[in-house]
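One structure is given here, and the rest of the page talks about it.
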Amino acid sequence: MASLGSDEWRAVCDKFTSAQNLTDVGSRNDPENDPFRSKYKARELLREIYCSLKSFEPGEGEEEGGGGGSESGEQRPAGPPEDGQRLDGFGPGVSGDSPAGLRAAKLGAVEYYLGVNHVDTEELSAGQEHLMNCMKLLETCRVSSENVSLFIHVRNQLGILWAGRDETETAQGFLETAESIYQRYMKEDGSPPTDMTEYFTTEEKLLTHQERTKRFELAYTHTMYYLAQVYKNLGQTERAATYCHSTLQRQLQLNQFSPMEWALNAATLSQYYITKGRYMEGRHCLSAATVISGLAGEVPSEAAAQESETESERREQLRQKRAEIARCWIKYCLNLLQDAKKLLEDNIGELDTDRQEELKRARRREEEEEEKGRKSALLFGSEDTFDSIASLEEKVSCLFPLDFTEARAVFLVGQNYVTQAKEYFQMDGYVTDHIEILQDHSALFRALAFFEEDLERRCKMHKRRVDMLEPICMDLNSQYYLMIRRQLMFELAEIYNEMMDLKLTLANRQADTQSLDNHTIKKFNHLCSASAKYFQMFLDSLCSPEGKHPEHLEEEVLRPALVARFRVARLHSRLFSSSPSVQLENLNKALENYKYVAQYCETHPEAAAAVETELELSKEMVGLLPLKINRLKARMASNNN
C-alpha cells in the first residue's frame, strides 16, 4: 500500500473541513421534513476519510487492522490490551507520537466523529459502536499530547450517551476516567495538546498553543459539567454542587458561556447553598448571576419597529430568565430571615432576648470568619466583572439578622425582587407562578413580623398579607386551581388566627385587669370568625361533590385537615357572646370538632403521629367541654324558670 501523497492528504483535509461545516453550519438550515440532511452528507464524507486512512501504509511496528464502523464494513479493532496496560492510557503501549500511534489516533478521531454524528441523528446504538471502536483503537496507545484530547472527548461522549439512558453509574465510570486522565496528563506533561481537528489540518492551518490550551480546558470543563449532573442524579448533592461551581468558574475563565444560561445555572446553584445554610456562597452565586445576566444586553423594547419573531423570542427569554433569577433572590432573603427566626425563637415562638444578646456578642467573631471564608471560597468573575459582583454582594447581608433593623434590610431587598419577578410573572398567563411569588411575599412579611416588638405594627404586617392573598383566593377557580386555593385558605385562616391572638394580647395589656370593651370584643370576634371561616372552607374543599366529608384523609391533607378541625374547635370555644344560646351553639360546634379529631385518630391509629399535640388537647377537651355545656344548660334552665 502506498502512503498518501500531499495532494491526496490535502483532499482528505478538505473533506474533513466540509464535514465539519455541514455538521456545524449546514445542519442549521436543513428543512423540517429532512432535518438530518447535512449530517447524513457529513457522515458519507467521514466514511470516505476512513477508507483513505485505511489504505494508508502502516507505520513501523504497526499491525494491519484497526477500528472500523460496522456500516462501512471494516474489521473490528485490535483485541484487548497487553497484560499490565491500564485502560486510562498510562502504561505500556504504542507511543502517541509514533507513526502507529498517530495512525490509531486519526482512525480513532474519525470513529469519534462518526459516533457523534450517529448520536446526533438519534441512532444511539450505532453511535455507541463507533465511540467504542475509538476507545479500542486508543487502547493500544499511551496517553500523550498527540492523543490526550481524544481520550477525554470520547469518554465525555460515552458518559452523555449512558446518562441519557439513565445508566448513571456507567456514565460515571467513563467521566471519572476522563477526569483522572486530564489530571494525570496535566501533572506529568501539561503541554498544550493537539486538538482532534488538527489530525486533518494542513500545516499552515495548525492551531496556536493558546487556542489548543483553550479547547483542551473546555473539554475538561465539559467533563466536570457532566459529572455534576451524574452526581446530582446519584443523590451526591454536595459533590454535584462543587463540580457545578467549578464548571461555572472555568466557563468564565475560558470566556466560553452563554450569559443567560450561565446566570440561570449560578442562580440554581445558589438554591443548593441556601438550603445548606451557606448564605455567603448563595449570595455570591446570585450576585454573579445578576451581573453576568447583564452581559446579555438590554431587553429590547416591545415597541421596536417591525420586531422579528426571533427578536420577540429573545426579548421574552431575557425577561423570563431575569425574572427567574429575581425569584432565586426572593428565596435567599426569605430563607435567611426564616433561619434567623429559628435561631432566635423561644419555645412559644417569640423572640428570646437572652439568645439575641448571646448571638450579637458572637457576631464579631462571625464577621472575622466571613472574611476568612471569602478568601478561601472559589469566587466567580474576571477582572471585568469581579468589582460589580462584590458591590452587589454588599447590598444584602449573608449573616443572620438579629434585630428588626437588620431583618428589615433583608426584607426590603426581597420585596424589591418580588416587584421585579411580578412584572414578568403576571396573573394573566402565569397564575401559578404569580401566586407562588405572592406567597413568598406574604412569608417575607411573616418573617419580618417576628422581629417587630410593637404588636400593633406586627398586626398591620399580617393585615398586608391578608390584603394580598384574600382577593386572589376568592377569585380563583376551584376546578382548575384547587390545591392552590387550599393553600391560600389555610394560610389566610392562620393569619387571622395570629391577628386575633395579637389583638387579645394588646387588649389585655391596655385594659390591665379591667374587662374588655365592646369595640375590642367585636374586633376579636371578627378575626376569630374569619379564621374559622377559612379553616372551614379548607375542610369543605375536601368534601365530595355531594358535600360528604371523606372517611379516609389522604396523606398530603391528613395533618392540615386534622389541624383545621382542631383550630375550628378552639376558635368556636373562644368566641365572645352575651347570649347563652349562642354560647351553647359555639360550645357544641367546638365539641363536635374536638370529637372528630379524637375519633378519627382512634379509627386510624397511624394518623396520631401527625397531630400528637392537637390529639392530646382534643381528648382533654372532649372530657371537659360536656361539663361546661351542662353547666350552661342548667344556668339557662334556671333563668327561664
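The values are calculated or read from the model by the stated rules, or taken from the named source; none is laboratory data. Predicted, not measured: the structure shown is a model, and the values here were computed from it. Cβ atoms come from the backbone with ideal geometry, glycine included; neighbour counts cover every protein chain shown. We work out accessible area using only protein heavy atoms, side chains counted, and drop any ligands, DNA or RNA first. Shrake-Rupley method; radii C 1.70, N 1.55, O 1.52, S 1.80 Å.
I'd like the full set of residues that are over 20 Å from the mean Cα position of the chain (by Cα), among the polar types (S, T, N, Q) and open to solvent by 60 Å² or more (accessible area, probe 1.4 Å), limited to the stretch 404-434.
Thr405, Asn416, Thr419, Gln426
Quick one: which of Glu111, Glu82, Glu57, Glu48 is open to solvent by 20 Å² or more (accessible area, probe 1.4 Å) and modelled with pLDDT of 90 or more?
Criteria check complete, one pass: Glu48.
When you scan the stretch 22-45, how many residues do you find that are open to solvent by less than 70 Å² (accessible area, probe 1.4 Å) and β-branched (Val, Ile, Thr)?
To start, the set of residues in the stretch 22-45 that are open to solvent by less than 70 Å² (accessible area, probe 1.4 Å) comprises 22-23, 26-27, 30-31, 34-36, 38-39, 42-43, 45.
With the extra rule that they be β-branched (Val, Ile, Thr), the set shrinks to 23.
The total comes to 1.
Give the residue that is nearest to the chain's Cα centre (by Cα), with candidates limited to residues of the stretch 573-597 that are farther than 28 Å from Thr520 by Cα and surrounded by 19 or more Cβ atoms within 10 Å (Cβ to Cβ).
Among those that are farther than 28 Å from Thr520 by Cα and surrounded by 19 or more Cβ atoms within 10 Å (Cβ to Cβ), it is Val597.
Just one of Glu169, Glu176, Glu198 is assigned to a helix (DSSP H, G or I), closer than 30 Å to Glu8 by Cα and not polar (S, T, N, Q); which is it?
Glu198
Could you please give the count of residues in the stretch 217-257 that are closer than 18 Å to Tyr273 by Cβ, open to solvent by less than 70 Å² (accessible area, probe 1.4 Å) and of a type in the set (Asp, Glu)?
0
If you check Val154 against the conditions, is it among the β-branched types (Val, Ile, Thr), more than 21 Å from Arg103 (Cβ to Cβ) and either open to solvent by 30 Å² or more (accessible area, probe 1.4 Å) or assigned to a helix (DSSP H, G or I) (or both)?
The answer is no for Val154.
Among the residues of the stretch 212-235, is any touching a residue at least 24 places away in the same chain (Cβ under 8 Å), farther than 15 Å from Gln172 by Cα and touching a Pro at 6+ places or on another chain (Cβ under 7 Å)?
Yes, the conditions are met somewhere in the stretch 212-235.
Determine the pairs where a residue that is touching a residue at least 24 places away in the same chain (Cβ under 8 Å) and within 23 Å of Asn639 (Cα to Cα), located within the stretch 568-592, has a partner that is exposed (fewer than 14 other Cβ atoms within 10 Å of the Cβ) and small (Gly, Ala, Ser) with Cβ atoms under 7 Å apart, the partner being 6 or more residues away or on another chain.
Gln583/Ser577
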